[in-house]
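The values are calculated or read from the model by the stated rules, or taken from the named source; none is laboratory data. Here the structure is a predicted model, which is why all the values come from computation and not from measurement. Note: ideal-geometry Cβ built from the backbone for every residue, glycine included; neighbour counts use all protein chains shown.
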Amino acid sequence: MSVSRTGAYWLASERIVAALTGLLTTFLVARFMGPIDFGVFAFVFASIGLGLAAGQLGMDSLLVRSFINLDWTEAEIIGTAVLIKAIANVVAFVIVLWIVIALTDGTEAELDIVVLSVSVFALSSVTTVLGPWFKAREDFRSLFKIRIVATVMSFVAKVAVVVSDLSIVAMAAAHILYFVAETITIIALHRRENGGPIRNWKYRKTVARDLVSRGMPLFIGTMIAVTYMNIDMVMLRFFWDAKSVGEYALVPQMLNAIQIIPYALTSAAFPVILALVRKGARNEVALLCRRIYGQLLLFSIMALLLVALVVRPLTPIVFGDAYQTTMTPMLISSFAVPFIFIRYLSTKLFVAYDVGYDFVKMELVGLSVNVALNLILIPRYAGSGAAFSTVVAYFTSTIFMPCLLMKSREIFLPMLKRHVNA
């Protein structure tokens, strides 16, 4: 069974537009703000990112599976998941507020941005449930429309902030506009695609119990993963200052921008993988994943080489001389790209085969490695130390641990083999 090329096309198109506008926005924001204000902006939104990951409860792939299997009505799944996530987001917002106050003494700009983010936490309770509904239906074209509308509106607002020379808080408001536009658009399209009105959404205790019990290992693993993807900037802010965060913040932006291909290929393939696993066609799953793995590895190496070639000549031109120190961390972190690409596929496999607790173990070890190395390297090497820690952590959680744990090894290794016995 072949991967949905149409789905991959729409997902890749959305990510390409988002990546291009994201890079252009980063260029405008970084130059407009300078390293210090950009560091404040990046630190607060890194903290918000941690909170949003907590509020999602690791349910994205699980919800896709629930919508495909339809053990309950769609209205029950949506209503229950939205309520659970809304409660989780309230707790997450309080934690984010505490992080910002504890690490920065709560400067006015940082607190204003956190207060504005209340809307983001509220809206994500809906968008992170309806998004999987569209994925389960393989309606990637609608997802493309939703996110492009939101991306373009936010981008235009950010350009207006730069042109008008407004404050960092105004830039944060423009950034938050993305989430507002996404929510309005996704609810409208869900209704148009016969998804039913909001008043039909209902909470069901049995659905909640199943989602929470199945999602808990995924939630823990996702939280750990998101933590070690964002912990670098939080620890840089603790050991150094906002300027160091601003100089380093371009690194995760670069890593996010080049993840178009793995996101598109694996998201489009996930419903197919689920169907094959449900049929017990283990060899077909291995063959499909082997093909995707080869494509991911090839594209990741190409991306790594591209970064190595363009970072040094383009960084001072695009972002200015104030970001000269960004080049070394960016070059170091580029070696994590192959592991990041492979991770997209292996995570989908672990969800499909329901080995969530192995996933938790992998991510916990990755986080431990990252934090331990950060504690040693960041005080001395700042952003370069953080970048090196990230590379080692991704290798540990993506390659080393799946080969070490028995259940995940039985799933992970077949996609690395050149031939799979029928």
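From the list Phe140, Phe179, pick out the single residue that is aromatic (Phe, Trp, Tyr), in contact (Cβ under 8 Å) with a residue 60 or more places away in the chain, more than 25 Å from Pro271 (Cα to Cα) and buried (at least 17 other Cβ atoms within 10 Å of the Cβ).
Just one listed residue meets the conditions, Phe179.
Here is a list: Val245, Val285, Val272, Val251. Which entry is modelled with pLDDT under 85, touching a Pro at 6+ places or on another chain (Cβ under 7 Å) and either closer than 29 Å to Ile68 by Cα or crowded, with 21+ Cβ neighbours inside 10 Å (or both)?
Val251
List the pairs whose first member sits in region 121-137 and is part of a helix (DSSP H, G or I), whose second member is among the acidic types (Asp, Glu) and surrounded by 22 or more Cβ atoms within 10 Å (Cβ to Cβ), and whose Cβ atoms are under 6 Å apart, counting only residues at least 6 apart or on separate chains?
What qualifies is Thr127/Glu182.
What's the number of the only condition in (1) more than 26 Å from Lys348 (Cβ to Cβ); (2) under 20 Å from the mean Cα position of the chain (by Cα); (3) without any contact (Cβ under 8 Å) to a residue 60 or more places away in the chain that Ile101 fails to meet?
Of everything listed in (1) more than 26 Å from Lys348 (Cβ to Cβ); (2) under 20 Å from the mean Cα position of the chain (by Cα); (3) without any contact (Cβ under 8 Å) to a residue 60 or more places away in the chain, Ile101 misses just condition (2).
(1) farther than 21 Å from Ile184 by Cα; (2) out of contact with any helix residue (DSSP H, G or I) (no Cβ under 7 Å at 6 or more places or on another chain): which one isn't true of Val114, the others all being true?
(2)
Hey, could you check region 320-342 for residues that are more than 15 Å from Tyr248 (Cβ to Cβ) and in contact (Cβ under 8 Å) with a residue 40 or more places away in the chain and say which is farthest from the chain's Cα centre (by Cα)?
Among them, the one singled out is Gly320.
Please find, within region 56-80, the residue that is surrounded by the fewest Cβ atoms within 10 Å (Cβ to Cβ) out of those that are not acidic (Asp, Glu) and not in a helix (DSSP H, G or I).
My answer is Leu70.
Just checking, which of Leu314, Leu297 is surrounded by fewer than 22 Cβ atoms within 10 Å (Cβ to Cβ), at pLDDT 85 or above and either in contact with a helix residue (DSSP H, G or I) (Cβ under 6 Å, 6 or more places away or on another chain) or of a type in the set (A, V, I, L, M) (or both)?
After applying the criteria, what remains is Leu297.
Does Met415 count as under 22 Å from the mean Cα position of the chain (by Cα) and either in a helix (DSSP H, G or I) or modelled with pLDDT under 80 (or both)?
Taking the combined requirement at face value, the residue does not satisfy it.
Among the residues of region 81-120 satisfying the criterion of being surrounded by 18 or more Cβ atoms within 10 Å (Cβ to Cβ) and of a type outside the set (A, V, I, L, M, F, W, C), which is modelled with the lowest pLDDT?
For region 81-120, the residue satisfying everything is Thr104.
Ser117 - would you say it is under 19 Å from Ala174 (Cβ atoms), touching a Lys or Arg at 6+ places or on another chain (Cβ under 8 Å) and in contact (Cβ under 8 Å) with a residue 40 or more places away in the chain?
no
Does Ser267 qualify as being buried (at least 20 other Cβ atoms within 10 Å of the Cβ), farther than 30 Å from Ser66 by Cβ and of a type in the set (Gly, Ala, Ser)? Lay out the reasoning, then the answer.
Values: buried (at least 20 other Cβ atoms within 10 Å of the Cβ): yes; farther than 30 Å from Ser66 by Cβ: no; of a type in the set (Gly, Ala, Ser): yes.
Spelling it out, it is not the case that Ser267 is buried (at least 20 other Cβ atoms within 10 Å of the Cβ), farther than 30 Å from Ser66 by Cβ and of a type in the set (Gly, Ala, Ser).
Regarding Val3, is this residue at pLDDT below 80, over 19 Å from Gly131 (Cα atoms), buried (at least 22 other Cβ atoms within 10 Å of the Cβ) and not aromatic (Phe, Trp, Tyr)? Before you say what the answer is, go through the steps one by one.
Values: at pLDDT below 80: yes; over 19 Å from Gly131 (Cα atoms): yes; buried (at least 22 other Cβ atoms within 10 Å of the Cβ): no; not aromatic (Phe, Trp, Tyr): yes.
The answer is no for Val3.
Can we say Leu345 is without any contact (Cβ under 8 Å) to a residue 40 or more places away in the chain and touching a Ser or Thr at 6+ places or on another chain (Cβ under 8 Å)?
no
Would you check if Phe27 is modelled with pLDDT under 80 and under 30 Å from Phe140 (Cβ atoms)?
Yes; evaluated as a whole, the condition is true for this residue.
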